[in-house]
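Beneath this line is the structure, given in structure tokens, with notes to follow.
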Amino acid sequence: MRKKIWSGIGLLLVSFWVEHAPAFAASSDDYNFSWLDPEKKIYVLQNRRYRKAGSAQVYGMGGMSLGDTYRTVLQVQPRLAWWINEDMGLEVFYSHRMHNPNNVYEALAEGIKSGGQSPWIREVRSQFGVLYNWAPWYAKINVFNSVLYFDWYFSVGAGMIGSMVGPKTEDTDVTKSWKTQNLFAAYLGSGHLFHLSEHWKVRLDVLGHFYVANVFEGLSVSPKQAVFSNFATQVGIGYQL
């Protein structure tokens with residue numbers, strides 16, 4: 001009788017161990033999914049650590065314009081953003097741009113000294129616009145053994161550019177020959193918004209402007225309209241209020 005009792009207890013213990021041993025083995029490793037069917041896939045949705053919905057952000061941006069024919073252009077650009085939710089936001093900005101003749105124009109200037117004529121040059125001196133920002137992707141990356149969270153956003157908007165148009169020669173009275181033109185512009189861009197903390201942010205941004213202007217500016221011929229464009233790369237730091 002005793003043997004039967006002990007045999008029954010032993011059988012129960014063995015059954016318990018067989019059923020629960022895999023669970024105990026996996027308890028030490030939260031990421032051990034070896035007990036699952038190998039054909040199954042597991043997807044983990046990363047929750048946002050830093051949120052921006054319903055908040056205002058101010059930024060100080062600076063960078064270089066790309067593709068100006070005769071000028072090296074640097075710009076500073078303050079921005080004020082408001083995020084309606086985590087995916088959509090509005091932003092206003094103003095750009096102040098500084099122009100210096102580049103190597104292309106210096107080579108052209110040597111030809112002008114020999115009796116040539118300077119082309120008419122358009123310098124975009126300032127920009128103002130309103131942007132709609134859409135951030136469909138939120139992710140995290142490992143940077144030097146620390147996790148960095150960021151949004152990838154796309155921008156579209158409209159505004160105005162302030163430009164100066166005129167020739168550039170040593171014999172030209174700049175104050176008389178150069179004229180101001182304010183033109184409507186469309187904006188298109190993209191960038192990454194890195195969250196350093198709950199309040200401090202860093203941005204990498206590319207923003208382009210598109211406008212319509214006269215191709216034959218300054219010439220006594222029938223005007224011809226064309227679309228001009230230019231992009232600028234920028235980096236900046238911001239603070240979430």
Note to self: Quick check on my filter: what residues within the range 63-93 are over 15 Å from the mean Cα position of the chain (by Cα), surrounded by fewer than 19 Cβ atoms within 10 Å (Cβ to Cβ), in contact (Cβ under 8 Å) with a residue 24 or more places away in the chain and closer than 28 Å to Pro167 by Cβ?
What the structure shows: Leu66, Gly67, Thr69, Thr72, Leu74
Margin query: Filter the range 184-234 down to the residues that are surrounded by 13 or more Cβ atoms within 10 Å (Cβ to Cβ), more than 17 Å from Leu148 (Cα to Cα), in contact (Cβ under 8 Å) with a residue 40 or more places away in the chain and not small (Gly, Ala, Ser) and list them by number.
Written below: Tyr187, Asp205, Leu207, His209, Tyr211, Glu217, Phe228, Asn230, Phe231, Thr233, Gln234
Check: Can you spot a residue in the range 185-196 that is at pLDDT 90 or above, over 20 Å from Glu91 (Cα atoms) and not in a strand (DSSP E or B)?
Finding: yes
Margin query: Taking the conditions exactly as written (surrounded by 14 or more Cβ atoms within 10 Å (Cβ to Cβ), of a type in the set (A, V, I, L, M, F, W, C) and modelled with pLDDT of 85 or more), does Phe150 satisfy them or not?
Written below: yes
Notebook entry, point to check: Has the range 176-183 got any residue that is in a strand (DSSP E or B), in contact with a strand residue (DSSP E or B) (Cβ under 6 Å, 6 or more places away or on another chain), surrounded by 13 or more Cβ atoms within 10 Å (Cβ to Cβ) and of a type in the set (A, V, I, L, M)?
Noted result: yes
Next item on the list: Determine if the range 199-222 includes at least one residue that is within 30 Å of Ala56 (Cα to Cα) and in a loop (DSSP other than H, G, I, E, B).
Entry: yes
Next item on the list: Would you point out the residue of the range 119-147, among those that are touching a residue at least 12 places away in the same chain (Cβ under 8 Å) and of a type in the set (Ser, Thr, Tyr), that is surrounded by the most Cβ atoms within 10 Å (Cβ to Cβ)?
Entry: Tyr138
Next item on the list: Might you check whether a residue that is of a type in the set (Lys, Arg), farther than 30 Å from Thr69 by Cβ and under 14 Å from the mean Cα position of the chain (by Cα) occurs anywhere in the range 129-147?
Entry: no
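The values are calculated or read from the model by the stated rules, or taken from the named source; none is laboratory data. As the structure is a computational prediction, the values presented were derived from the model and not from experiment. Note that we place each Cβ from the backbone using ideal geometry, even for glycine, and neighbour counts take in every protein chain shown.
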